[in-house]
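Heads up, the thing below is written out as structure tokens.
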Amino acid sequence: MPLIPEHILDEVQSRTDIAELIGRYVPLKRAGRHFKALCPFHKERTPSFHINTDKQIFHCFGCGVGGNIFSFLMHQERLTFPEAVRQVAESVGVPIPTQDASARNGHTEQQLALLEKACRYYERVLAHPQQGRGAREYLRKRGVTDRGRETFRLGCAPRGWDGLIQAAKKSQIPLGQLEAAGLLVQGPRGPVDRFRQRLIFPIQDVRGRVVGFGGRSLANQEPKYLNSPETPVYSKGRQLFGLVHAKGAIAKANTALLVEGYFDCLLLWQCGVEAVVSPLGTALTPEQARLLLRYTEHVTLAFDADAAGETATLRGIDVLIEAGFAVQVAQLPSGVDPDECIRAYGAEAFQGLVAKAAGVMEFLLTCAAKRYNLREAEARVRAAQFVLPTVAKVSNAMLRAEYVRLLAERLRLDEDAVLEELRKAKPRNVPQTAAPVAKRQGSGRGVEALLTALVLDRPARLDAIRGEPLVEQLSDRRLWRIVATIAELREAGQREPAPAQVISRLSGVPAGAGQAGLAEEELGPLVSELVQLAQAQPDSDAVFEGCVRRLRADGRKRQLEQLRGQMQIAQQLGREQDVTRLLTAYQQLVKEGAKG
């Protein structure tokens, strides 16, 4: 990854007055030639935060935080190093060159400028006396105030097929740029606006830049919500709606509320619950979790109180726990979402539900009780197996042991047996050591590495295992992330993504972004090693088929072990019918294995 040259960093710092920059965030008092202030990073009554204007550094003698202008922004705005450099560089007019002479950044800036113009166009349409009347009436019924509308920059796409296109033509904006930004689509008779007769929610990144849009139907179109497609500046799995407005409140309270919908987020913010964000019409992703981790390690989930919301909550819990969050779950009245809860019961009642949010284990045990008859021993075993995959993601050994003890106690199971089942689940979720992949070809993990290498070499090989659980069963989470990333890129339209593209997606930082340390282990070296491994195979197609056969066999072996365990439990409980059913399934699986 190209580095930002040292002379550029020096130039940015030489043009920036650290006292002026910090003074934008906290009141300063002169202390001789320098300044002091109440520290913005911890609570204090006597100023211990000092700014040395000669050295262009700051230091707090209370909490120990210190550094330069970039360090301050990284702490204050929760930015990475390259983001902080770029933000300061833009404010003082220093261009940041990249290896490709800024061509990529130039295209990015052009697209961001176009999206900003589109946002202003949609805002104007919403404010128009006639064109925006229906959308404004809809917002009024949903309880959105003028302040909420203006803060979140809501807009409206008009009824016609080409309102934005005609506005772009008047401004001499090429239609190709609109298409690249995801603002138009090609219809049977030519290009048409992507968003038509929809309420528009601009999607902003943490710096407030518009990177995409969400459109809510105003005329019963399908789908009800339509989002911008993946573009060079927008990936829905890497942004959180409302974060630009919530980040300060989240950092101050050291907690975040995560809800599902645009309206949930906006209405809660209006009611004073400012530390609230939402994923963008998709299941919570690891990238979104890592973004939120910049601001807090505590999250309360408040998803819809229906079957789909419960499923989303379960997935979200796993993603957040694996990222290192402490998680709670607010349990809403059955069948309602936060938006409906606020309108029906009021903001104070909703805040009371959040204050009484359940811990992870309580929520999981409640879900298990809905699914299984806990009066039966076999059902209690299945309930434990329902909970354990989440417990296995807990990195803190003491907390994990306490969850095991609580699970065994509540389900009346032997604690040692629960712990043994947990150990069986751990290899699927714990990252493996970084031993060279080429030295592990004889092991199961060696086969996984070889399969991953061959998919990297030719991504179309994923078609051969589509619908099979082979990828999900990869025990090395680094390999799983690589293959999953290749699949994501293919779904986004890049049918044969190159290894360099895979590395960029894995890193989460575009080429030329700078010297930031990544939130996770850098996987670029592993990708390049796997590429070398694939190129060393004399007959790669035959080797790939062999890997697939081996992993299928390993999967059957695990299924057979599970069936044997289930039969043992059924025999102990005297459930002969279950024993017969399980034995039939076992024999069928053995036959399938014999066929190859």
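Where a number appears in this text, it was derived from the coordinates with a stated rule and is not lab data. In this text the structure is predicted, and so the values were computed from the model without any measurement. All Cβ positions, glycine included, derive from the backbone under ideal geometry; neighbour counts span all protein chains shown.
Ordered by the number of other Cβ atoms lying within 10 Å of each residue's own Cβ, fewest first, 36, 43 fall into the sequence 43, 36.
Think of the chain as having a plus end and a minus end, set by charges on the Cβ of Lys, Arg, Asp and Glu; of 551, 398, 334, 334 sits farthest toward the positive end of this dipole.
Axis of helix 307-323 versus longest Cα principal axis of the chain: the two differ by about 80°, to the nearest ten degrees. Restricting attention to region 277-363, which trypsin sites (Lys or Arg not before Pro) occupy a DSSP loop and are surrounded by at most 13 other Cβ atoms within 10 Å? Answer in residue order: 356. With 0.36 nm allotted per residue and the present C-alpha distance subtracted, the residue 15-residue 298 stretch has 98.1 nm of extension available.
The alpha-carbon positions of region 6-92 define a convex hull whose volume is 91 Å³ per residue.
When only the Cβ of Lys, Arg, Asp and Glu is charged (+1, +1, -1, -1), the dipole of region 103-234 relative to its Cα centre reaches about 460 debye. Fewest-first ordering of 22, 51 by other beta carbons within 10 Å of each residue's beta carbon gives 22, 51. When the Cα convex hull of the chain is projected onto planes of every orientation, the mean area is 33.2 nm².
Counted by neighbouring Cβ atoms within 10 Å, the residues 480, 269, 161 run from fewest to most as 161, 480, 269.
Can you tell me the orientation of helix 576-594 relative to the chain, as the angle in degrees between its alpha-carbon axis and the longest Cα principal axis, to the nearest 10? On a 0 to 90 degree scale, this one is about 80.
Sparsely packed loop sites in region 381-419 (the trypsin sites (Lys or Arg not before Pro) outside DSSP H, G, I, E and B with at most 13 other Cβ atoms within 10 Å) comprise 412. Under 18 Å of direct C-alpha separation, and excluding same-chain neighbours fewer than eight residues apart, residue 170 reaches these lysines: 117.
The slack between residue 113 and residue 141, meaning 0.36 nm per residue of separation minus the straight C-alpha distance, is 6.8 nm. Between residue 61 and residue 374, the FRET efficiency from the beta-carbon distance, with R0 = 56 Å, is close to 0.50.
Potential lengthening of the chain between residue 283 and residue 171 amounts to 36.5 nm, from the contour at 0.36 nm per residue minus the alpha-carbon distance.
Which of rounded, prolate or oblate describes region 365-428 when judged by the alpha-carbon gyration tensor and an a/c cut-off of 1.5? Here region 365-428 falls in the prolate category. Taking the chain as the reference, fit the longest principal axis to its C-alpha atoms, fit the long axis of helix 377-391 to the helix C-alpha atoms, and give the angle between the two in degrees, 0 to 90, nearest 10. Roughly 40 degrees, rounded to the nearest 10. Calculated mean residue ellipticity at 222 nm for the chain: -16000 deg cm²/dmol, from DSSP H runs with n ≥ 4 weighted as -39500 (n - 2.57), summed, divided by the residue count and rounded to 500. For region 329-369, the C-alpha radius of gyration sits at 1.22 times the compact-globule guess of 2.2 N^0.38 Å, with N the residue count.
Semi-axis lengths, largest first, of the ellipsoid equivalent to region 103-234 are 23, 18, 13 Å, with √(5λ) applied to each eigenvalue of the Cα gyration tensor. Would you kindly give the portion of the calculated P(r) for region 233-368 that falls above 28 Å, as a percent of all Cα pairs? More than 28 Å apart: 7 percent of the Cα pairs in region 233-368.
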